[in-house]
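Asks: Mind having a look at this structure? Questions to follow.
The values are calculated or read from the model by the stated rules, or taken from the named source; none is laboratory data. Here the structure is a predicted model, which is why all the values come from computation and not from measurement. Here the Cβ is made from the backbone with ideal geometry for all residues, glycine too, and neighbour counts use every protein chain on show.
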């Protein structure tokens with residue numbers, strides 16, 4: 001209100017306008033958050049942090065610790081290539097419909113949770129109960145459809161109901177939170193993710209899937225909106241300093257070739273390939 005009042009006498013008086021503009025800028029600066037410049041650091045401080053991290057890694061390896069510097073995927077060959085999912089990275093998991101991107105994302109969630117790494121799964125495509133069934137299915141090693149429909153065998157050589165109940169007990173204790181809000185916007189995701197990290201120390205975030213999100217702002221084309229979404233996801237990973245794994249759809253072009261998927265096959269790609277630190281393709285060989 002005070003700023004609006006100051007600007008009124010500025011009309012018709014350039015000198016006065018310049019003074020009022022300066023006062024307005026100062027007032028705006030005064031109400032900025034105290035941490036507005038927290039990302040500016042002298043290079044000496046940056047190098048010191050790099051040295052400390054390197055020394056700590058050396059000590060960890062000498063003590064027989066893991067070679068991984070990020071969240072383990074649970075797959076030895078993948079971890080050997082990546083060093084684990086790195087803090088601040090945006091990883092895109094891309095596949096055609098039905099090629100298993102949700103199943104693989106849930107598998108990665110389970111493997112992280114098994115190591116007591118808290119995870120958040122934002123499911124825009126499936127309700128939370130379906131994600132829960134998939135998790136139980138992976139632990140019990142029993143088909144999820146049979147679990148859903150209650151078609152479990154109870155014979156002398158197997159006790160599937162008991163195995164499912166034990167798997168449910170295991171999964172129920174894992175540090176996992178599922179949000180199944182449909183058409184989630186990047187604004188809502190950022191708000192909820194911040195709260196989860198604060199309240200539950202979330203160490204990895206999954207989004208299924210990217211093209212079902214909305215940017216929360218008006219754009220002329222869908223490609224522009226997807227660009228805003230991927231940029232927001234990358235910014236979120238950086239801000240929270242944890243890996244964000246986002247599933248993404250491939251377009252039909254990949255089905256017309258025999259050489260496998262390419263970055264250009266990402267549906268409504270926008271800047272997915274530019275903002276992502278890593279893109280993993282799931283592809284069924286013909």
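Let's see how each residue does on (1) touching a residue at least 40 places away in the same chain (Cβ under 8 Å); (2) under 20 Å from residue 168 (Cβ atoms); (3) within 14 Å of the chain's Cα centre (by Cα); (4) surrounded by fewer than 20 Cβ atoms within 10 Å (Cβ to Cβ):
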| residue | (1), (2), (3), (4) |
| --- | --- |
| 66 | no, no, no, yes |
| 96 | yes, no, no, no |
| 103 | no, yes, no, yes |
| 109 | yes, yes, yes, no |
| 115 | yes, yes, no, yes |
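Asks: Here's another thing I want to ask about it. Do we have any residue at all in the range 98-120 that's assigned to a strand (DSSP E or B), modelled with pLDDT of 95 or more and at negative phi?
Replies: At the first step, the residues of the range 98-120 found to be assigned to a strand (DSSP E or B) are 119-120.
Applying the additional criterion that residues be modelled with pLDDT of 95 or more yields 119-120.
Remaining after also requiring at negative phi: 119-120.
Checked against the condition, which is being assigned to a strand (DSSP E or B), modelled with pLDDT of 95 or more and at negative phi, the range 98-120 yields at least one hit.
Asks: What residue, among those in the range 215-227 that are touching a residue at least 24 places away in the same chain (Cβ under 8 Å) and in contact with a helix residue (DSSP H, G or I) (Cβ under 7 Å, 6 or more places away or on another chain), is farthest from residue 177 (Cα to Cα)?
Replies: Among those that are touching a residue at least 24 places away in the same chain (Cβ under 8 Å) and in contact with a helix residue (DSSP H, G or I) (Cβ under 7 Å, 6 or more places away or on another chain), it is 226.
Asks: Quick check on this structure: which one of 209, 200 is crowded, with 17+ Cβ neighbours inside 10 Å and either touching a residue at least 24 places away in the same chain (Cβ under 8 Å) or on the phi < 0 side of the Ramachandran plot (or both)?
Replies: 209
Asks: Can you tell me which residues in the range 230-262 are in contact with a helix residue (DSSP H, G or I) (Cβ under 6 Å, 6 or more places away or on another chain) and closer than 17 Å to residue 179 by Cβ? First the steps, then the outcome.
Replies: The initial filter retains those residues of the range 230-262 that are in contact with a helix residue (DSSP H, G or I) (Cβ under 6 Å, 6 or more places away or on another chain), namely 230-232, 234, 236, 240, 244, 246-251, 253-254, 261.
Those that are in contact with a helix residue (DSSP H, G or I) (Cβ under 6 Å, 6 or more places away or on another chain) and closer than 17 Å to residue 179 by Cβ: 232, 236, 240, 244, 246, 247.
Asks: Collect the residues in the range 61-85 that are part of a helix (DSSP H, G or I) and in contact with a strand residue (DSSP E or B) (Cβ under 8 Å, 6 or more places away or on another chain), keeping them in residue-number order. Quick ask: steps written out before the conclusion?
Replies: Keep residues of the range 61-85 that are part of a helix (DSSP H, G or I), which gives 61-62, 76-82.
Selection gives 82 alone.
Asks: Give me the pairs: first residue in the range 252-281 and farther than 26 Å from residue 242 by Cβ, second residue at pLDDT below 70 and not in a helix (DSSP H, G or I), beta-carbon distance under 7 Å, and six or more apart or on different chains, which are they?
Replies: Sorted first by the residue in the range 252-281, then by its partner, the pairs are 258/286.
Asks: Within the range 96-116, can you find the residues that are within 12 Å of residue 206 (Cβ to Cβ) and touching a strand residue (DSSP E or B) at 6+ places or on another chain (Cβ under 8 Å)?
Replies: Residues satisfying the conditions are 101, 102, 104, 105, 106, 108, 109, 112, 113.
Asks: Is it the case, given these coordinates, that residue 131 is buried (at least 20 other Cβ atoms within 10 Å of the Cβ), under 25 Å from the mean Cα position of the chain (by Cα) and touching a residue at least 60 places away in the same chain (Cβ under 8 Å)?
Replies: On the way: buried (at least 20 other Cβ atoms within 10 Å of the Cβ): yes; under 25 Å from the mean Cα position of the chain (by Cα): yes; touching a residue at least 60 places away in the same chain (Cβ under 8 Å): no.
No.
Asks: Here's another thing I want to ask about it. Kindly indicate the residue of the range 132-158 that is assigned to a helix (DSSP H, G or I) and out of contact with any helix residue (DSSP H, G or I) (no Cβ under 6 Å at 6 or more places or on another chain) and also farthest from residue 111 (Cα to Cα) among those meeting that condition.
Replies: Within the range 132-158, the subset assigned to a helix (DSSP H, G or I) is 132-140, 144-149.
Imposing the further condition that a residue be out of contact with any helix residue (DSSP H, G or I) (no Cβ under 6 Å at 6 or more places or on another chain) reduces the set to 132, 145-146, 149.
Working: 132: 14, 145: 21, 146: 22, 149: 25 Å.
Taking the candidates together, the pick is 149.
Asks: Return yes or no: is residue 48 at pLDDT below 90 and more than 21 Å from residue 272 (Cβ to Cβ)?
Replies: Working: at pLDDT below 90: yes; more than 21 Å from residue 272 (Cβ to Cβ): yes.
Criteria met by residue 48.
Asks: Tell me which residues, restricted to the range 145-158, are modelled with pLDDT of 85 or more and surrounded by 12 or more Cβ atoms within 10 Å (Cβ to Cβ).
Replies: First, pick out the residues of the range 145-158 that are modelled with pLDDT of 85 or more: 145-152.
Of everything in the range 145-158, those that are modelled with pLDDT of 85 or more and surrounded by 12 or more Cβ atoms within 10 Å (Cβ to Cβ) turn out to be 146, 147, 148, 152.
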